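First up is the structure itself, then whatever we jot down about it.
Coordinate-derived values only; no laboratory data. Every value quoted in this text rests on a predicted model; they were computed, and no experiment measured them. Neighbour counts are summed over all protein chains in view; Cβ atoms, including those assigned to glycine, are modelled from backbone coordinates with ideal geometry.
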Protein chains: 2
Amino acid sequence: MFFYPSYLLCLCLGILCVVFVSYWNAVWRGGFAWDGSGKQFNWHPVLMVTGLVVLYGNAAVVYRVPLTWGQNKTPWKLLHAGILLLALILSIVGLCAVFGNHNAQHIPNVYSLHSWIGICTVALFASQWVGGFAAFLLPCSPVEFRKLIKPTHVWMGGIILVLSIISCISGINEKLFFALKGNGNGSQPYKDLPPEALFANFLGVLIVAFGLVVLYILSNQKWQRPEPTHDGEGYRPLQCDVES
Amino acid sequence: MFFYPSYLLCLCLGILCVVFVSYWNAVWRGGFAWDGSGKQFNWHPVLMVTGLVVLYGNAAVVYRVPLTWGQNKTPWKLLHAGILLLALILSIVGLCAVFGNHNAQHIPNVYSLHSWIGICTVALFASQWVGGFAAFLLPCSPVEFRKLIKPTHVWMGGIILVLSIISCISGINEKLFFALKGNGNGSQPYKDLPPEALFANFLGVLIVAFGLVVLYILSNQKWQRPEPTHDGEGYRPLQCDVES
């Protein structure tokens, strides 16, 4: 399969994920605020899906675009690190949204399995970003150290995306059981699959599909950025590119 | 890292997952029956974790054991297919347990995001098993076809494990919110993290840890079964082994 159809699919699914999670929370969940109410909670799914899944996934595949292979790698490394930093900031603000809402409503924090996996995912992501910055962006980092750490960095990158998707799916599932209880106000319970439930379930399917496309792109060795040779012969497709 | 410590960790985590999910449902959820009641539902998590995660993951890494590399591959292919068939049967019985319970209690089927992802996972697993049987076990299957389908079979194998873990984590999270409502009988709600909640959350962590160890073993190219050469020179470590 060619790279660009997969990449286009990745971009389209990513945009759809952001549109769906925003529309769900803006229209069905009552919109956004930062006042400790349920409207503050609504930032949580939007920021986690946008940061931890969509921006994260797009940053992960940025080296795979063949058009960039003939160019200097540094701007693409800065773009990779920059998008991931934005993703990390959005994720942390997304966690603050739910902590603030829970504290204001006197709801305990970090008790569900969803929250355990989610917190671990963000912590791993933060460690990965700091480790990646120290290893691949600091000029004093030796090439041998980069060579040593690169396979772990790449593997951990994929694993953090898997953990992000686990967190998002368990979170959307949990939220729908909480929100769609069908007790009054003409609202229907989750089990009757009202339009909101169908819409949010479909958001979950989109998130899984986006994650699978990103993992597919990452797993294809032919799409890895070739490492430049040191004798000026051009590019060699290697599994690990440890160039600065 | 050496193979055998990883493999031992995989075996130990797998056993712990089965022990934890069985103990949770036997002791805290009231045990097992096949009478349409909640005790029938209790088979669902036990069979899905045992089949779709633990047996599945162990079957996936069976070719990676270096001790088997010098031996004829056929018995190991039969073991791989046999464990996966057992895993598939347990998964289907696990689905029957929840459908039977829902039908007896007049609860709609397949409405939650957990159930959507779970059903798709089992359907993909069944297709993968049938496709794998046709491609790699039927003697009439041509070598060229095996060569063509092998990378997809391996990639899909890992993806199905990821989907299984997503299904299990969202399912355990959902079950704990359903079961631990804290309404009477001295039971505590999930948000107070009673012993059952801690225990089942820890089961979720064990499942994720097991999945990560299996994915780690699968991703290490040095641990792939070497393909025999046709000139009697021994074994070559290749990414794809298309030998029958």
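What the table shows:
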item	result
Interchain or long-range residues, amide H under 5 Å from B:GLU227's placed H	B:ARG236, B:LEU238
10 Å Cβ neighbours from other chains, averaged over peptide B:211-224	2
Dipole magnitude of the stretch B:3-225, debye to nearest 20 (Cβ charges: Lys/Arg +1, Asp/Glu -1, about Cα centre)	620 debye
Cβ-placed point charges (K, R +1; D, E -1), dipole of the protein assembly as shown about Cα centre in debye, nearest 20	100 debye
Contact order normalised by residue count of the stretch B:115-203, Cα under 8 Å, 6+ apart, percent	25 percent
Candidate lysines - alpha carbon under 25 Å from A:LYS77, same-chain residues fewer than 8 apart omitted	A:LYS147, A:LYS150, A:LYS222
Estimated distance in nm for a label pair at B:ILE107 and A:LEU86, the labels positioned 7 Å out from Cα along Cα-to-Cβ	4.3 nm
Computed over the stretch A:1-124: relative contact order in percent, which uses C-alpha pairs under 8 Å that are six or more apart	28 percent
Under 19 Å from the Cα of A:LYS181 - lysines, other chains or at least 8 residues apart	A:LYS39, A:LYS191, B:LYS175, B:LYS181, B:LYS191
Distances in nm from B:ASN109 to the matching label points in the other copies, shortest first (labels 7 Å along Cα to Cβ)	4.3
The stretch A:3-225 - convex hull of the alpha-carbon atoms, volume per residue in Å³	128 Å³
³J(HN,Hα), Karplus 6.51/-1.76/1.60, whole Hz, each residue of the stretch B:115-125, x for Gly, Pro	5, 4, 5, x, 4, 4, 5, 5, 5, 5, 4
Average Cα contact separation per residue, the stretch B:32-103, under 8 Å, 6 or more apart, as relative contact order %	54 percent
Shortest-first distances to equivalent copies, position A:GLU227, nm, label 7 Å out along Cβ	2.3
Ranking of A:CYS12, A:CYS140 by count of other Cβ atoms within 10 Å, fewest first	A:CYS140, A:CYS12
Cα-centred dipole magnitude for the stretch B:117-194, charges only on beta-carbon of K, R (+1) and D, E (-1), debye, nearest 20	80 debye
Residue-averaged [θ]222 nm for chain A, counting only DSSP H segments that reach four residues, each worth -39500 (n - 2.57)	-21500 deg cm²/dmol
Pair-distance profile P(r), taking every C-alpha pair of the protein assembly as shown, with 20 angstrom steps and integer %	22, 55, 22, 1
Between helix A:3-23 and chain A: long-axis angle, C-alpha atoms, 0 to 90°, nearest 10	30 degrees
